[in-house]
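The values are calculated or read from the model by the stated rules, or taken from the named source; none is laboratory data. The shown structure was predicted, so the numbers you read here are calculated from the model rather than taken from an experiment. Note that each Cβ is placed from the backbone with ideal geometry, even for glycine, and that neighbours are counted across all protein chains shown.
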Amino acid sequence: MKKVKEEQGGALLTVFFILICFAILGLSIMSVTLQSSKVRTFTDNEIKGKMLAEIGLLYFRETLEKELAQAQKEGAFEKNTSHPVRQALENPRDDDKIIEIINKIAKKNDLLDSNKPEESIKKYVYIPLPQQEEGGFAIGYTAYAAIPYKDKFAEPSQPYSRKITVSIIGIPPGSAVMQKDGTVQPNGQKLENITATFYINTVPGPFHYAISTPGEVRFFGGSNIIGNVRANKVLTSQQYRYKKENNWYSGGDETNKTYIEGKVFLTDQDDAGVYDVTNYPKETDSPEKENIPPVDKAERKTTKNELKAKQIFMPQGDIPSHIVDLQAKQPFLPGWEPPVIEIVEDESLSLFHNETVGEYINRKLAERKEGAPEPDEVVDETSLSSEEEGDGLRKIDEKKLKERMFIESRQPKPNDPEIEAPSLTVRLTGKTLYDYNVSELFIVPQNPSEHKVTVEMGKKGQFSDEPTKEGEPFTYKGTIYIQGDLDIVNDIDMTGTIYVDGNVTIREATNQKKTNQGTQNLAIIASGKVILTNRYEGKPIATPDIDLSAFLYSDFSLPETDATDSNKAEKGMEIYSVESVNRIKGGIGTSGGYIELNTKREGEAEELASHLSIQFNRGIFEQETPGLPAGDTFFIDIYDTQYKQIAGNEHIDIMSKNGGSR
């Protein structure tokens, strides 16, 4: 993920091309020295071609970032602006301003097969290096339909996202000839080619990572992380801790290490790095858990080679010579290589333009009340249900169901000893709201200082004294705002965003596609704790269909499972997945503090399955997530970078940047 910055511009590209020229000059000298045979010449051409293709990829990204940063500086994210980039965000077309920017540096191709987009790219624009005799590169691309940007009151917010597949061919000197008609004709040699998937988007920063916090991540035990991690510091240990019968215990062995398949982005602070604290945490034999001592900056690791030397993030140890595929076979199984570490600028990855979750909900509620001050449903003594009556619940009046619905609680807070308030305000089950196309749902107290809100969500049968599989999971597409606490029990089927100004508890719940189409993009954004509890205890780690497809984000302290300790001076997230099994497909993040993961591995050799796996979900860029903050910054995320050779006789149409028609 690369955040577009306003300070990027012509100076950066000038320096960039100077570096290119020196790199190519060095390769040329090496080529003259080593060309002792035709085989050697061919190998050097391959090296030059690959390097030129990589330069082309960087050139494409840097130029695109420069143009988008300029649009951002000119106010493209201001409301009611006529800026052409703003128009492209809200009403994307095949010829909008963002496509026009891309067309300046690449040749657009029609997308013939969405499953094999790179095979659609046969037309390219040739861009020579400043010293043209050193060769150049050619760029072509295909574009998918974009997700429109929405930040108006009348509809749930939605970030912009445009997916494109880019293909770059490196063209060393002598491998192509400029024709009179402005085209560039390859002379029959094989050419080096790079393809990659670009997501041009405004998705808020925390949702670009499997794990994101401006503070510290503690990998205690053997978590499996498939995706990128962003933090200031990373602590890792073979030991994990858990609470049992009021005491803290620890466990772990030499294979109980975390595995990360992605990059670790560390902020550019003096103490930024990866620290191995294998002697911690320890058992305490008391209700108070052990504090982790300050790390020694002399022991920090900041490169992949340093991690490899100490076998950090390598639960299977050294890579055997017969292993070819180094990646994880399953999200809960480890691969072989440690992650790459990158140092990045320390900058805020905010969601709401410096608002808190509670402030954001209050603003949305105030906007809603301006249009319709009276609630659609009032809840007082009797709790409300979205499905059939039962268990003393009152069913939502279907005649009142509409696109934007407002439920107001007048249940008194339980702190008044004279009043016994119901324990539940609203229970959401079944498909009623989905079938009636309710896309925004507000569940709020009439007066937050006097009234309370508690919401349950899940499958009806799970709420009985003896839980059953009766009923449909709660099915919904849209945005829900809750000023209170949320309890999710068993299955849901939801695409959208849930804002909770309170705590969230998730009990053995999944979010699986049943009615909604496409990847389940669910974001749960809370001001309080997000607690995962009783998650499939005693079940095999490979049990199918237990993924929780969701991004979990909190302003306070995030997921706690199995055992919790509420007496913390420092805010943070803690996940304990020792006996339980947690498989999250999405990501977790906080606005501050720390994230601590405690878990263990089971099995031997290449199994070593983890009780806790977090797999980043790229669906956040590819399908709508109604209600997700629209964002006010451009990002460019690059995936699927692949290298191959193009045969010398393959038909490709390469046009010079200034030659012929575009």
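Restrict the check to segment 583-603 and report whether at least one residue is farther than 29 Å from Phe352 by Cβ and acidic (Asp, Glu).
yes
Under the condition of being touching a residue at least 60 places away in the same chain (Cβ under 8 Å) and among the polar types (S, T, N, Q), which residue from segment 55-90 is surrounded by the fewest Cβ atoms within 10 Å (Cβ to Cβ)?
If we take residues in segment 55-90 being touching a residue at least 60 places away in the same chain (Cβ under 8 Å) and among the polar types (S, T, N, Q), then Gln70 is surrounded by the fewest Cβ atoms within 10 Å (Cβ to Cβ).
Ala298 fails exactly one of the following numbered conditions: (1) outside any loop (DSSP other than H, G, I, E, B); (2) under 20 Å from Gly221 (Cα atoms). What is the number of that condition?
(2)
Could we say that Leu235 is under 27 Å from the mean Cα position of the chain (by Cα), crowded, with 22+ Cβ neighbours inside 10 Å, closer than 23 Å to Ser212 by Cβ and assigned by TED's automatic domain parsing to the domain that holds Gly587 here?
Values: under 27 Å from the mean Cα position of the chain (by Cα): yes; crowded, with 22+ Cβ neighbours inside 10 Å: no; closer than 23 Å to Ser212 by Cβ: yes; assigned by TED's automatic domain parsing to the domain that holds Gly587: yes.
For Leu235, the condition - under 27 Å from the mean Cα position of the chain (by Cα), crowded, with 22+ Cβ neighbours inside 10 Å, closer than 23 Å to Ser212 by Cβ and assigned by TED's automatic domain parsing to the domain that holds Gly587 - is not met.
How many residues, within segment 483-513, are charged (D, E, K, R), touching a Ser or Thr at 6+ places or on another chain (Cβ under 6 Å) and farther than 18 Å from Val453 by Cβ?
3
Surrounded by 20 or more Cβ atoms within 10 Å (Cβ to Cβ) and not aromatic (Phe, Trp, Tyr): is that true of Glu216 in this structure?
Details: surrounded by 20 or more Cβ atoms within 10 Å (Cβ to Cβ): yes; not aromatic (Phe, Trp, Tyr): yes.
When the stated conditions are applied, Glu216 passes them.
Output the residue which, of all residues in segment 91-116 that are touching a residue at least 60 places away in the same chain (Cβ under 8 Å) and within 26 Å of the chain's Cα centre (by Cα), is surrounded by the fewest Cβ atoms within 10 Å (Cβ to Cβ).
Out of the qualifying residues, it is Pro92.
Hey, can you tell me all the residues within segment 124-161 that are crowded, with 22+ Cβ neighbours inside 10 Å, of a type in the set (Phe, Trp, Tyr) and under 32 Å from the mean Cα position of the chain (by Cα)?
Tyr124, Phe137, Tyr141, Tyr149, Tyr160
For residues in segment 238-269 being within 16 Å of Met573 (Cα to Cα) and of a type in the set (Lys, Arg), which is nearest to the chain's Cα centre (by Cα)? Working first, answer last.
We begin by selecting, within segment 238-269, every residue within 16 Å of Met573 (Cα to Cα); these are 240-243.
Next, only the ones that are of a type in the set (Lys, Arg) stay: 241, 243.
Working: Arg241: 27, Lys243: 30 Å.
In this case the residue turns out to be Arg241.
Give segment 238-262 a look and list any residue that's out of contact with any Ser or Thr (no Cβ under 8 Å at 6 or more places or on another chain), closer than 17 Å to Ala328 by Cβ and buried (at least 18 other Cβ atoms within 10 Å of the Cβ), or say none.
Thr255, Asn256, Ile260, Glu261, listed by residue number.
Do you know which of the residues in segment 627-662 that are at pLDDT 75 or above and hydroxyl-bearing (Ser, Thr, Tyr) is farthest from Gly496 (Cα to Cα)? Break it down into steps so the answer makes sense when it comes.
Narrowing segment 627-662 to residues at pLDDT 75 or above: 627-647, 652-655.
From the residues that got through so far, the ones that are hydroxyl-bearing (Ser, Thr, Tyr) too are 633, 639, 641, 643.
Numbers: Thr633: 21, Tyr639: 24, Thr641: 29, Tyr643: 36 Å.
Filtering first and then ranking leaves Tyr643.
Determine the pairs where a residue that is assigned by TED's automatic domain parsing to the domain that holds Asn187, located within segment 123-141, has a partner that is of a type in the set (Ser, Thr, Tyr) and in a loop (DSSP other than H, G, I, E, B) with Cβ atoms under 9 Å apart, the partner being 6 or more residues away or on another chain.
Hits for this filter: Gly135/Ser175.
Exactly one condition in (1) more than 23 Å from Asn437 (Cα to Cα); (2) assigned to a strand (DSSP E or B); (3) of a type in the set (Asp, Glu) is not met by Glu456; state its number.
(1)
Being more than 29 Å from Val85 (Cα to Cα), modelled with pLDDT under 95 and buried (at least 22 other Cβ atoms within 10 Å of the Cβ) is the requirement here; does Pro172 meet it? Reasoning before the result, please.
Working: more than 29 Å from Val85 (Cα to Cα): yes; modelled with pLDDT under 95: yes; buried (at least 22 other Cβ atoms within 10 Å of the Cβ): yes.
Criteria met by Pro172.
When segment 106-164 is examined, which residues are found to be hydroxyl-bearing (Ser, Thr, Tyr), assigned to a loop (DSSP other than H, G, I, E, B) and farther than 30 Å from Asn80 by Cβ?
Initial filter on segment 106-164 (hydroxyl-bearing (Ser, Thr, Tyr)): 114, 120, 124, 126, 141-142, 144, 149, 157, 160-161.
Right, trim to assigned to a loop (DSSP other than H, G, I, E, B) and you get 114, 144, 149, 157, 160.
Across segment 106-164, the qualifying residue is only Ser114.
Kindly indicate whether Asn598 is more than 19 Å from Tyr536 (Cα to Cα), assigned by TED's automatic domain parsing to the domain that holds Gln316 and either of a type outside the set (Gly, Ala, Ser) or at pLDDT below 90 (or both). I'd like the intermediate steps shown before the answer.
Details: more than 19 Å from Tyr536 (Cα to Cα): no; assigned by TED's automatic domain parsing to the domain that holds Gln316: yes; either of a type outside the set (Gly, Ala, Ser) or at pLDDT below 90 (or both): yes.
Against the criterion (more than 19 Å from Tyr536 (Cα to Cα), assigned by TED's automatic domain parsing to the domain that holds Gln316 and either of a type outside the set (Gly, Ala, Ser) or at pLDDT below 90 (or both)), Asn598 does not qualify.
Restricting segment 598-642 to residues that are acidic (Asp, Glu) and closer than 21 Å to Gln512 by Cβ, which is surrounded by the fewest Cβ atoms within 10 Å (Cβ to Cβ)? Working first, answer last.
First, pick out the residues of segment 598-642 that are acidic (Asp, Glu): 602, 604, 606-607, 622, 624, 632, 637, 640.
Within this subset, residues satisfying the condition of being closer than 21 Å to Gln512 by Cβ are 622, 624.
Details: Glu622: 16, Glu624: 20.
Per the criteria, the residue is Glu622.
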